[in-house]
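Written out below as structure tokens is the structure these notes cover.
The values are calculated or read from the model by the stated rules, or taken from the named source; none is laboratory data. The structure displayed is predicted, hence computed values, not measured ones. All Cβ positions, even for glycine, are placed from backbone atoms using ideal geometry, and neighbour counts span all protein chains on display. Ligands, DNA and RNA are excluded from the accessible area calculation, which covers all protein heavy atoms including side chains. Shrake-Rupley method; radii C 1.70, N 1.55, O 1.52, S 1.80 Å.
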Amino acid sequence: MDPKRIDLDLVLLATLETGALYGLEIIKEVNSRTDGALEFKEGSLYPALHRLVKSGWVETTWQPSTSGGPPRKYYQLTEGGTKACQQKKQEWKQTRNALDALMTRFLEVGAC
Amino acid sequence: VLKRRSIDKYIQQVTAGLPQLERVDTAAELRVHLLQKTQELMAQGFLREEAEHLAVQEMGPVAATNRALLGHIFTTKFGWRVLGFISLTVVAWTGWHFRYIIFWPQAEIQRSEITAPELSRALGMSNIIGGGHLVYNMTLPQGTKYIHVNTWKYSRQNSLEIGGLTMTAPEQAKPEPETMRLIVSEGHSFEEQGRSFYFIGSFGTRGGIGSTTEEKWTLLPTTQPRVEGIGRKTIELNKWLPIALYTSFTNGTTYPREAAIIGILASDLDPTDRSNKAQTARNLARRICLGGLPISVNKIEIVQAQDKTSIPKVANDCSPSR
């Protein structure tokens with residue numbers, strides 16, 4: 001599924017709810033939690049993360065690597081980011097419920 | 001070396017255009033990402049070169065990521081140059097198009113001299129002789145739509161008379177300053193049906209002296225005519241400005257037999273509008289009353305209303321003083 005068709009901000013905010021992650025970890029976490037259903041080019045991750053930082057929803061820190069190698073830039077939610085995540089989740093639930101109701105009716109009448 | 005180049009090249013291109021600090025920070029983050037990805041791919045059995053190549057490939061298109069990081073579409077030097085060129089062109093065109101709105105020259109009238117041959121060429125007349133022809137170069141105020149040139153003629157026998165002409169200002173057709181010329185010439189230079197007269201002509205100076213003659217004017221039967229004019233004055237929109245005085249004397253007398261004051265008005269009011277016309281007439285009459293007819297024995301001068309010291313006593317009925 002193309003994440004452009006969903007709310008990429010929601011995907012990233014929800015992923016970071018688990019704690020601070022760096023770029024490649026975020027991608028792996030998304031793949032893991034969606035069983036690979038959400039695929040996006042790795043390069044597109046960073047502009048989205050930078051946008052969230054500019055919005056004040058996410059903050060960054062450079063931390064030493066726990067597995068050796070160079071330091072990594074970790075992203076974690078701010079208080080505002082947590083609130084934004086909750087709000088986006090609520091919006092998503094309402095959209096999903098509305099679509100579920102619509103799809104159920106279509107499926108019942110065999111329109112699709 | 002080849003592989004390192006692919007990562008370096010990617011990082012360089014994808015961070016192009018970012019502010020320096022942000023570029024360094026993003027480049028470091030991307031390098032860590034690509035190196036870890038390379039390590040993981042190598043662990044899967046790829047050679048380093050292959051792993052680096054694949055790591056870069058998985059990042060996706062460079063231009064799209066660069067645009068997303070920048071937040072705009074001008075991702076290349078060429079793009080910025082095109083933007084700069086377009087911006088400069090727009091600024092230059094706007095500046096040039098509105099140059100006279102931004103830098104409008106001083107609106108003024110300035111007297112200069114013109115020789116009889118020049119005047120002959122300008123007006124296409126062969127019988128112009130002598131000197132004393134006055135030429136006024138006018139730079140009109142911004143917004144001028146019409147130029148009124150009037151005379152207020154006076155004689156001992158006659159009351160004040162008003163006559164004049166209205167010309168459409170060049171600005172109406174071309175929104176830029178235009179220098180026009182008015183010519184006031186001594187009567188003795190012309191002969192027509194045995195009578196001397198003075199003459200006012202006007203023509204643009206864009207094509208040099210003399211292209212079209214706008215007006216030929218009043219006859220004043222007289223001898224010893226004399227014309228005196230102002231030197232240099234600022235022209236204000238919708239305010240009359242006396243520019244010259246014509247007098248004629250009978251032989252052996254010191255009082256002028258006839259006199260006419262010549263004034264101009266640069267206006268943005270439509271002269272065909274009755275209210276504007278009435279207003280123009282009131283302004284004109286008020287001006288001449290305030291100024292009086294500035295004639296004194298052996299002294300001819302042109303005054304304006306604000307020149308209190310030069311204004312002779314003003315008669316209530318605007319009749320001239322002697």
Quiz item: Just wondering, is there one or more residues in segment A:72-87 that are open to solvent by 30 Å² or more (accessible area, probe 1.4 Å) and within 14 Å of another protein chain (Cβ to nearest Cβ)?
Solution: no
Quiz item: Looking only at residues in segment A:24-41 that are part of a loop (DSSP other than H, G, I, E, B), in contact with a helix residue (DSSP H, G or I) (Cβ under 8 Å, 6 or more places away or on another chain) and over 19 Å from B:GLN39 (Cα atoms), which one is nearest to the other protein chains (Cβ to nearest Cβ)?
Solution: A:PHE40
Self-check item: Qualifying residue in segment B:71-81 (condition: facing chain A (nearest Cβ under 9 Å) and at pLDDT below 85)
Solution: yes
Quiz item: Tally time: how many residues in segment B:16-27 are surrounded by 16 or more Cβ atoms within 10 Å (Cβ to Cβ) and either facing another protein chain (nearest Cβ under 10 Å) or within 22 Å of B:ALA51 (Cβ to Cβ) (or both)?
Solution: 4
Quiz item: at pLDDT 90 or above and either touching a Phe, Trp or Tyr at 6+ places or on another chain (Cβ under 6 Å) or within 14 Å of chain B (Cβ to nearest Cβ) (or both): does that describe A:TRP57?
Solution: no
Quiz item: Which one of these is open to solvent by 40 Å² or more (accessible area, probe 1.4 Å), modelled with pLDDT of 90 or more, under 23 Å from A:GLY69 (Cα atoms) and at the interface with chain A (Cβ under 9 Å from one of its Cβ atoms): B:LEU30, B:LEU35?
Solution: B:LEU35
Quiz item: Checking B:GLU40 against (1) in contact (Cβ under 8 Å) with a residue 12 or more places away in the chain; (2) facing chain A (nearest Cβ under 10 Å); (3) under 18 Å from A:GLU42 (Cα atoms), which test does it fail?
Solution: (1)
